[in-house]
1. Please work out which residue is farthest from PHE204 (Cα to Cα), limiting yourself to the range 229-277 and to residues that are buried (at least 18 other Cβ atoms within 10 Å of the Cβ) and among the hydroxyl-bearing types (Ser, Thr, Tyr).
2. Output the residues belonging to the range 70-91 that are under 18 Å from ASN113 (Cα atoms), out of contact with any His (no Cβ under 9 Å at 6 or more places or on another chain) and buried (at least 19 other Cβ atoms within 10 Å of the Cβ).
3. May I ask you to list the residues in the range 41-64 that are assigned to a helix (DSSP H, G or I), touching a strand residue (DSSP E or B) at 6+ places or on another chain (Cβ under 9 Å) and among the polar types (S, T, N, Q)?
4. All but one of (1) in a helix (DSSP H, G or I); (2) surrounded by fewer than 20 Cβ atoms within 10 Å (Cβ to Cβ) hold for GLY14; which doesn't?
5. Tally time: how many residues in the range 240-271 are in contact (Cβ under 8 Å) with a residue 60 or more places away in the chain, farther than 22 Å from GLN187 by Cα and either in a helix (DSSP H, G or I) or among the β-branched types (Val, Ile, Thr) (or both)?
6. From the list ILE6, ILE39, ILE55, which one is buried (at least 20 other Cβ atoms within 10 Å of the Cβ), modelled with pLDDT under 95 and not small (Gly, Ala, Ser)?
Amino acid sequence: MELKNIIALAEEEGIRDQGFVDALARVVDEIGLNNVKTIAVSGSQGSGKSTFARILSKLLVNELDKSNTILSLDDFYKTRAERAQLASTLHPLFFTRGVPGTHDAGLMLDVKNKLLQGGALEMPVFDKGSDDRLAQPKLVGPVDLVILEGWCFSAIAQDSEALTQPVNDLERIQDPEGIWRREVNQQLKGHDYQQLFEVDLGVFFQAPDMESIIRWRLEQELRFNQGKLSMQESQIREFVQYYQRLTDWMLQEMPGRSDIVIALDQHHNVSGISFND
């Protein structure tokens, strides 16, 4: 495999970090050496997982002649109407997309399984601007390999004792009895999420701390310039609180069980790549 090909694709995405290039090369090599049919790419907001997945998808076609598709958790959020129902029956915080329970994990699992069986099918496309699914689905398949990407992909539930104390103002003020966080944790334990998370190869982007994540998320917002939909720093700090508990837990426990861990420094550069047997 020619590194110059990876460098060219990375530069198209505005990336000039040699560590990022090396990580892509290592993952492609791992896929080529093993009979990998499913790969998960997970990590916090702004970590680079979506960009990594896009470049990896192109490399698999160009270097290994493997047709593939990316299934993103972001496309499998429940509709606004479904989340409004969850908000009225379970807890108001479930209206905001993000945490386990706000995805249609069963549908994503069905799409994954049918693709692995060699099928072609329609999958939803979620529009963050309208906070709802688009009317027109996307046709995917047949493919040789499925890339699954999402911020909490491969996460596991916490022990119940860990849920007692709130981790931020959102939980302290809007979930004082812990109803929301316990239900999120219970959803994560469920069959659909855990079956969905079963993959041949798992890649985890390990951020250094929550403050870096917030800064990267703000940089994303400025780069994509969504106009009226753009969030200010105060709004991003509030929004990230929905993700904080599970993000903190993943940063603590996932490096020990992910197949490949890509560590990031505070400047968003790859500081190390490690493998778990």
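1. TYR242
2. LEU71, SER72, ASP75
3. Matches in the range 41-64: SER50, SER57.
4. (1)
5. Residues meeting the conditions: 3.
6. After ruling out the rest, the residue left standing is ILE6.
The values are calculated or read from the model by the stated rules, or taken from the named source; none is laboratory data. These figures come from a predicted structure and were not determined experimentally. Ideal geometry is used to build each Cβ from the backbone, glycine not excepted, and the neighbour counts take in all protein chains shown.
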